[in-house]
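First the structure, in the form of structure tokens, and then the observations on it.
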Amino acid sequence: MIKELIRDRGLWIAVLVTAIGMLTGIPFYEMEFPLETGSVIGYFQTAVSSKQLFFLMPVVSVLPLGAVYIRDRASGFLKLYITRTSRREYIRRKILQIYASGFLVFLFAGMLILAFSFLFLFPLELKGKWQGEDFMEMLKMFFRVTLVGGIIAEISGIFAGVFQSYYMAYGLPFVCYYILIILKDRYLSEMYSMYPIEWIKCEHDWGNNGSGIWFFLLLFSVMTGLMNGLVLYYRLREI
């Protein structure tokens, strides 16, 4: 399952675009050398919470496998796969593959930027100890980015199954993403839980130690996976 995903060219295109977006979010023009201790952590957090990345998220998340059902059906692979295994196995694999594709786009891109930061920025820092809390916050934010990427990819899979159109599979997640942002910014300013950027930044009250955001993202992930499974089950009945 993962091998198929790793071989997909769309994944690596999305990773490259995402890494470039993250890189442009680092304020190189504001740097003063030598850098303060822990600057790598701060700059990486800036990269994963930049406007550039937020703009790219609904685009790059769906690029690898968001419309894989349409691709499989058009190529004839779907009938062959079901004949060799089962409908249930196809549904299970595609739910996991689609989610993993959105997740891995940001995981791999983030790892590239983190490696870049350690190679080129860390040597320019003043010697000293990093704050463990800052490092953990960086990792948590990064992990939330990957989870949101998986959720958006799964939503793309749902639209692909419902409308059986590449345009809908790639375009509607982008539209939904920005509708939520517009609604929150202009009309429902107190409804921060519907704000995709808040899912990553986690700046408001999400319960004790922010545990609520993890429950929310886990629940959202499960719900989108189940919905995608139901749509695929309905579509496979026609084959």
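Bear in mind that the values in this text are calculations on the coordinates, not laboratory data. Quantities reported herein were computed from a predicted structural model and do not represent experimental measurements. Every residue, glycine as well, gets a Cβ built from its backbone with ideal geometry; the counts of neighbours run over all protein chains shown.
Over all pairs of distinct alpha carbons, what does the Kirkwood formula give as the hydrodynamic radius of region 193-236, in Å?
Working: mean 1/r = 0.0845 Å⁻¹.
For region 193-236, inverting the mean 1/r across all distinct Cα pairs yields 11.8 Å.
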Relative contact order of the chain, pairs being alpha-carbon contacts under 8 Å that are 6 or more residues apart, as %:
27
Quote to one decimal, in nm, the extra length available between ALA74 and ARG7 on full extension: 0.36 nm per residue of separation minus the C-alpha distance between them.
22.2 nm
Once amide hydrogens are built 1.01 Å from N within the peptide plane, the residues lying 5 or more places from GLU125 or on another chain with amide H under 5 Å from its amide H are LEU35
Taking only pairs that are 8 or more places apart or on different chains, how many Lys pairs in the chain have Cα atoms under 30 angstrom apart?
17
To the nearest 500 deg cm²/dmol, what mean residue ellipticity at 222 nm is calculated for the chain from DSSP H runs of n ≥ 4 alone, each contributing -39,500 (n - 2.57), summed and divided by the residues?
-24000 deg cm²/dmol
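Grab the Cα-Cα distance for PHE135 and LEU188, subtract it from 0.36 nm times how many residues apart they are, and report the gain in nm with one decimal.
15.8 nm
Suppose we take every Cα in region 1-88 and form the convex hull; what volume per residue is that in Å³? Intermediate results must be reported in sequence, preceding the final value.
Numbers: hull volume 11.5 nm³, N = 88.
Output value, Cα hull per residue: 131 Å³.
How would region 119-166 be classified by its alpha-carbon gyration tensor: rounded, prolate or oblate, with rounded meaning a/c under 1.5 and the a/b versus b/c comparison settling the rest? Can you show the working numbers first?
Numbers: a/c = 10.44, a/b = 3.10, b/c = 3.37.
The shape class here is oblate.
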Sites PHE215 and SER165 - FRET efficiency at Förster radius 25 Å, r taken between beta-carbons, to 0.05:
0.15
By how many degrees, between 0 and 90 and to the nearest 10, does the Cα long axis of helix 9-24 differ from the longest principal axis of the chain?
20
Report the dimensions of the chain along its three principal axes from the alpha-carbon atoms, largest first, rounded to Å.
63, 40, 29
